[in-house]
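Chemist: Provided herewith is a single structure, encoded as structure tokens, for subsequent inquiry.
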Amino acid sequence: MAARVNPHLPSAQTQICAYPVFPMKEPDFNDPKTKQAMEHIRSILGFIGDDANREGLLETPRRVIRAYYEHFCGYSMDPEEPLSCTFTEIEGYDQMVLLSGIEIQSHCEHHMVPFVGKAHVAYIPDGRVVGLSKLAKVVEIFSKRLQVQEKLTAQIAGAIQEHLKPRGVAVVMQARHYCMCYRGVHQPHAWTTTSKLTGVFLNNLATREEFLRLISITQTPSM
């Protein structure tokens with residue numbers, strides 16, 4: 001894909017942008033793998049004790065495939081691409097950039113059921129910044145895969161640290177896991193909090209405390 005340059009920005013602010021949109025087009029229902037997946041869904045419907053041939057379930061395999069196509073589209077996307085769009089004309093800005101309250105919708109890799117919540121992402125730039133929406137894009141790319149929350153938190157922080165090379169990255173995630181809300185231990189009001197800190201967020205107590213204060217980490221999100 002060719003790089004896109006905004007002609008309205010000064011040269012010092014030139015952006016190199018090559019990130020795709022999420023692949024929300026219709027799945028190819030003629031593809032042999034898609035047909036095989038739909039047959040597996042029909043088998044699961046029979047396994048749970050229902051009749052895959054009854055009226056209400058006839059289109060269920062196609063609907064599930066469409067849903068999976070959306071839920072797991074992150075596998076076809078590269079988080080490096082949104083992070084390649086950077087700005088260098090920032091007047092020497094070297095303080096914290098925080099995007100808080102990013103919506104998380106992912107699926108547990110153990111039970112393939114949802115976990116949902118919020119992510120708070122911060123970094124301290126070292127000469128360049130990235131568009132705020134690109135931070136949310138990185139969160140969504142990794143979320144749209146089978147995940148555990150610990151891994152998801154580390155992936156987001158790792159991608160930002162690797163590709164943006166800031167002085168430090170902080171990611172905190174708070175989520176409710178349906179695999180423990182409505183099955184198993186049945187704890188629908190339990191929240192899981194994970195964090196990943198790098199650079200100055202890890203090594204500088206004042207920076208870490210500022211980040212935690214800004215996101216009010218002691219307050220459980222309401223959903």
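Chemist: Given the conditions (1) charged (D, E, K, R); (2) surrounded by fewer than 21 Cβ atoms within 10 Å (Cβ to Cβ); (3) under 25 Å from residue 71 (Cα atoms), which single one is not true for residue 134?
Modeler: (2)
Chemist: Also, I was wondering about something else. Among the helices (runs of 4 or more DSSP H) lying completely within segment 133-218, list those that include at least 3 residues that are out of contact with any helix residue (DSSP H, G or I) (no Cβ under 6 Å at 6 or more places or on another chain). Walk me through how you get there before you give the answer.
Modeler: Values: elements: 149-164, 178-181, 200-203, 205-215.
Ranges flagged: 149-164, 178-181, 205-215.
Chemist: For segment 168-182, state whether one or more residues are modelled with pLDDT of 95 or more and of a type in the set (D, E, K, R).
Modeler: Checked segment 168-182: at least one residue is modelled with pLDDT of 95 or more and of a type in the set (D, E, K, R).
Chemist: From the list 187, 174, which one is within 17 Å of the chain's Cα centre (by Cα) and not aliphatic (A, V, I, L, M)? Even if it seems obvious, please write down each step before you answer.
Modeler: Working: 187 fails: within 17 Å of the chain's Cα centre (by Cα).
So the residue among 187, 174 that is within 17 Å of the chain's Cα centre (by Cα) and not aliphatic (A, V, I, L, M) is 174.
Chemist: Inside segment 52-96, can you point out the residues that are among the acidic types (Asp, Glu) and either in a loop (DSSP other than H, G, I, E, B) or in contact (Cβ under 8 Å) with a residue 24 or more places away in the chain (or both)? Step through it out loud before you land on a result.
Modeler: Kept after step one, since they are among the acidic types (Asp, Glu), are these residues of segment 52-96: 55, 59, 70, 78, 80-81, 89, 91, 94.
Matches in segment 52-96: 59, 70, 78, 80, 81, 89, 91, 94.
Chemist: Before we move on, is residue 79 out of contact with any Ser or Thr (no Cβ under 9 Å at 6 or more places or on another chain) and within 18 Å of residue 173 (Cβ to Cβ)? Step through it out loud before you land on a result.
Modeler: Details: out of contact with any Ser or Thr (no Cβ under 9 Å at 6 or more places or on another chain): yes; within 18 Å of residue 173 (Cβ to Cβ): yes.
Yes; evaluated as a whole, the condition is true for this residue.
Chemist: Then there is this: Quick check on segment 103-154: of everything there that is within 11 Å of the chain's Cα centre (by Cα) and of a type in the set (S, T, N, Q), which residue is nearest to residue 78 (Cα to Cα)?
Modeler: 143
The values are calculated or read from the model by the stated rules, or taken from the named source; none is laboratory data. Every value quoted in this text rests on a predicted model; they were computed, and no experiment measured them. Virtual Cβ from ideal backbone geometry, glycine too; neighbours counted across all protein chains shown.
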